[in-house]
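Notes follow once the structure below has been shown.
The values are calculated or read from the model by the stated rules, or taken from the named source; none is laboratory data. For clarity, every value in this text was computed on a predicted model and none was experimentally measured. For neighbour counting, all protein chains shown are included, and Cβ atoms are generated from backbone atoms with ideal geometry for every residue, glycine included.
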Amino acid sequence: MISIEGLSKIFALNKKKITAVDDLTLHIEEGEIYGVIGYSGAGKSTFVRLLNRLEEPSFGKVTIDNQEITGLSTKQLRLARQDIGMIFQHFNLLWSRTVADNIAFPLEIAGIPKAERAERVQQLIDLVGLSGREKAYPSQLSGGQKQRVGIARALANNPKVLLCDEATSALDPETTNSILNLLMDINQKFGLTIILITHEMHVIRKICNKVAVMEQGKIVEQGQVLDVFTHPKQQVTKKFVEQIMGASEQDDDISELISTYSDGKLLRLHFIGETTNQALISQVAKKFNVEINILQGKITQTKAGGYGTLFIQVKGEDEEIETAVRFVQEETSVEVEVIPNVD
Ligand SMILES: Nc1ncnc2c1ncn2[C@@H]1O[C@H](COP(=O)(O)OP(=O)(O)O)[C@@H](O)[C@H]1O
Ligand SMILES: [Mg+2]
């Protein structure tokens, strides 16, 4: 769907050259929600602006839906941009226009007749949940409502791709969630391909299928969100995973657990894409003659299921514990590690 090959952007700033995007190659499938995460200055905004040529590439090729964007004339590009919606961190609304007129703006540019425009605007307002606010001005709206206007405007011409540059970074956590839910809705309803730029791992966790990690203009790691969470390779990726999981357990923590809970067996459960983790614990406790004590752990929910680790103490006959462990290993996607007693 989107194919990016050898894409670079070099800025010249007072005779100094800054390579903001450095020979970047990436392929994105239709209907994906593809996250790009990186720290400030990594080149994320420049990258996303190269895709619709808000920024002209220095080198490289961008193809969207079989159309080579980098080869288009200015006039052709204007038309092609109707297929590429974009939303921004600070919304970029027109302050002197009402909600309805902001959403109508791209339709006016596309030359849609007035009656048709009004009908489309109403559909979009309903879609993003702003009914009743048609005549309000941006200054009268909350941050979340402003971004809803931004989304409606971006979708006005039925684009195939939506680019989101830090679209929730100016919003509080609750509003962020509601906007992310709206983006997921739109992705499912219309099969819209979404590229989502962020510096926040919980945004990736919640809605992305795939993620690329960007550092110094390059993609240093990419893949399915769960794979990247489970096996982060680069230091920068490990830091991002720690944002939501905390640092992983140190050997010290584990030996303390071992000495404190020395009776029974100490197990570490690794959840990788399991959707029923609470149910699993109670199911095991019911099914087998064992007593389970949950000690510590960190589990987070990704779009593809739960991910994280949980330490539990299991008390009972050795044989019964073994059967319970085997049940978990064979019947679920959870990996079980028996922590050996050091005595
Ligand atoms: N118009 C510009 N002129 C010169 N340098 C720029 C320009 N835009 C971005 N940069 C530089 O390119 C690098 C990447 O910036 P940016 O794409 O905004 O990163 P991010 O969005 O990841 O924070 C930074 O070093 C930034 O200073
Ligand atoms: Mg940016």
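Confirm whether residue 43 is of a type in the set (Gly, Ala, Ser) and at negative phi.
Criteria not met by residue 43.
Of all positions in region 127-150, at least one carries a residue that is under 26 Å from residue 39 (Cβ atoms), in contact (Cβ under 8 Å) with a residue 60 or more places away in the chain and away from ligand 1 (no atom under 16 Å from the Cβ).
Looking only at residues in region 120-172 that are over 22 Å from residue 206 (Cα atoms) and of a type in the set (Ser, Thr, Tyr), the one that is nearest to ligand 2 (Cβ to nearest atom) is 142. Being small (Gly, Ala, Ser) and away from ligand 2 (no atom under 16 Å from the Cβ): is that true of residue 217 here? Criteria not met by residue 217. Scanning region 1-51 for residues that are small (Gly, Ala, Ser), within 23 Å of residue 77 (Cα to Cα) and in contact with an Asp or Glu (Cβ under 6 Å, 6 or more places away or on another chain) gives 6, 8, 45.
With respect to the conditions (1) more than 24 Å from residue 130 (Cβ to Cβ); (2) in contact (Cβ under 8 Å) with a residue 24 or more places away in the chain; (3) of a type in the set (A, V, I, L, M, F, W, C), residue 103 lacks only one, and its number is (1).
For residue 13, the conditions (1) within 12 Å of ligand 1 (Cβ to nearest atom); (2) surrounded by 15 or more Cβ atoms within 10 Å (Cβ to Cβ) all hold with the exception of (2). Just so you know, in region 71-92 the residues that are more than 16 Å from ligand 1 (Cβ to nearest atom) and either closer than 22 Å to residue 186 by Cα or among the acidic types (Asp, Glu) (or both) include one that is surrounded by the most Cβ atoms within 10 Å (Cβ to Cβ), and it is 85. The set of residues from region 252-307 being of a type in the set (A, V, I, L, M), more than 22 Å from the chain's Cα centre (by Cα) and not in a helix (DSSP H, G or I) comprises 266, 267, 269, 290, 292, 294, 295.
Residues in region 167-196 that are more than 22 Å from residue 126 (Cα to Cα), surrounded by fewer than 23 Cβ atoms within 10 Å (Cβ to Cβ) and of a type in the set (A, V, I, L, M): 170 only.
Among 206, 238, which is the only one that is among the basic types (Lys, Arg), assigned to a helix (DSSP H, G or I), surrounded by fewer than 24 Cβ atoms within 10 Å (Cβ to Cβ) and within 8 Å of the chain's Cα centre (by Cα)?
Among 206, 238, only 206 is among the basic types (Lys, Arg), assigned to a helix (DSSP H, G or I), surrounded by fewer than 24 Cβ atoms within 10 Å (Cβ to Cβ) and within 8 Å of the chain's Cα centre (by Cα).
The residue that is surrounded by the fewest Cβ atoms within 10 Å (Cβ to Cβ), counting only those in region 310-343 that are polar (S, T, N, Q) and at pLDDT 85 or above, is 329. Of the residues screened, residue 26 is one that is under 28 Å from residue 224 (Cα atoms) and modelled with pLDDT of 95 or more. Pairs linking a residue in region 58-78 that is under 18 Å from residue 162 (Cβ atoms) and touching a residue at least 12 places away in the same chain (Cβ under 8 Å) to a residue that is small (Gly, Ala, Ser) and surrounded by 12 or more Cβ atoms within 10 Å (Cβ to Cβ), with Cβ atoms under 7 Å and 6 or more positions apart or on different chains, are 63/3; 67/80; 69/80. With the checklist (1) outside any loop (DSSP other than H, G, I, E, B); (2) within 12 Å of ligand 1 (Cβ to nearest atom) in hand, flag the one item residue 23 doesn't pass. With respect to (1) outside any loop (DSSP other than H, G, I, E, B); (2) within 12 Å of ligand 1 (Cβ to nearest atom), residue 23 is out only on (2).
Yes/no per residue for (1) within 26 Å of the chain's Cα centre (by Cα); (2) within 12 Å of ligand 1 (Cβ to nearest atom); (3) surrounded by fewer than 21 Cβ atoms within 10 Å (Cβ to Cβ):
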site	(1), (2), (3)
6	yes, no, yes
18	no, yes, yes
40	yes, yes, yes
55	yes, yes, yes
69	yes, no, no
94	no, no, yes
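Flag set for residue 176, criterion: farther than 20 Å from residue 2 by Cβ, outside any loop (DSSP other than H, G, I, E, B) and either among the β-branched types (Val, Ile, Thr) or touching a His at 6+ places or on another chain (Cβ under 7 Å) (or both).
Can residue 74 be described as under 24 Å from residue 155 (Cα atoms), at pLDDT below 95 and hydroxyl-bearing (Ser, Thr, Tyr)? I'd like the intermediate steps shown before the answer.
Values: under 24 Å from residue 155 (Cα atoms): yes; at pLDDT below 95: yes; hydroxyl-bearing (Ser, Thr, Tyr): yes.
In short, yes.
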